[in-house]
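Scroll down for the structure; my scribbles are underneath it.
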Amino acid sequence: MPCTKCKDGKYKWGETGECKYDSKESCEKANPKKYSKMRPTPLGKKSYEEYEKELKEYKEINLSKVVRVELGVKELAGLAKQLNKNNEEIRNFGNKMMSASSVADANEGAIKNEIKEIEKGVKELGLNIADIPSYKEAKTVLNKYDKLRKEFNL
């Protein structure tokens, strides 16, 4: 790093040194390659202390981001655990629903067969099937079951 001339005619060591040397020779003699002891400034615009302060602020900001991310990760883990629990509950309900649906399908088939037999017998006897209460009830239940199957895609 060379000695540079100041506006007042004196010399300083580098860009940020003090203008305290009367000649270029005295400046260079007083600073023979003491680079390791100097506190150089990048681009020569700010002092070492200013850069140090900025670095500290930068670390504080980024550390707060790390804390936020860390908290987000913990919250994410909790949500994932809860969703996993929900998945298991849904699977259990789904298994129960499928089992109940299988039984209901069998009952539906039995009811439809019984209705056919009754309709056949009532027709042969010349009676009105609408007068039979259990027939009306069976038809209502079949309609409800049909709607449930459509609603739950069974």
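Of all residues in segment 135-154, count the ones that are among the hydroxyl-bearing types (S, T, Y) and surrounded by 11 or more Cβ atoms within 10 Å (Cβ to Cβ). Please lay out each step first, then the result.
Initial filter on segment 135-154 (among the hydroxyl-bearing types (S, T, Y)): 135, 140, 145.
Then drop every residue that is not surrounded by 11 or more Cβ atoms within 10 Å (Cβ to Cβ), which leaves 135, 145.
Looking only at that region, the number is 2.
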Inset, instruction - Check off (1) in a helix (DSSP H, G or I); (2) surrounded by 10 or more Cβ atoms within 10 Å (Cβ to Cβ); (3) free of Cβ contacts under 8 Å to residues at least 24 places away in the same chain for E124 and give me the number that stays unchecked. - result: (2)
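Confirm whether Y48 is at pLDDT below 85, among the hydroxyl-bearing types (S, T, Y) and either farther than 30 Å from T16 by Cα or out of contact with any strand residue (DSSP E or B) (no Cβ under 7 Å at 6 or more places or on another chain) (or both). Steps first, answer last, please.
Values: at pLDDT below 85: yes; among the hydroxyl-bearing types (S, T, Y): yes; either farther than 30 Å from T16 by Cα or out of contact with any strand residue (DSSP E or B) (no Cβ under 7 Å at 6 or more places or on another chain) (or both): yes.
Judged against the criteria, Y48 is a match.
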Inset, instruction - Determine if segment 23-35 includes at least one residue that is among the acidic types (D, E) and modelled with pLDDT of 75 or more. - result: yes
Legend entry - Leading residue by the ranking (surrounded by the most Cβ atoms within 10 Å (Cβ to Cβ)) among those in segment 1-25 that are in a loop (DSSP other than H, G, I, E, B) and within 57 Å of the chain's Cα centre (by Cα): G17
Inset, instruction - List every residue pair whose Cβ atoms lie under 8 Å apart, where the two residues are 6 or more positions apart in sequence or sit on different chains, the first residue falls within segment 85-112 and is among the basic types (K, R), and the second residue, located anywhere, is modelled with pLDDT of 90 or more. - result: K112/L142
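The values are calculated or read from the model by the stated rules, or taken from the named source; none is laboratory data. What you are looking at is a predicted structure, and each value in this text was computed from that prediction instead of being measured. For neighbour counting, all protein chains shown are included, and Cβ atoms are generated from backbone atoms with ideal geometry for every residue, glycine included.
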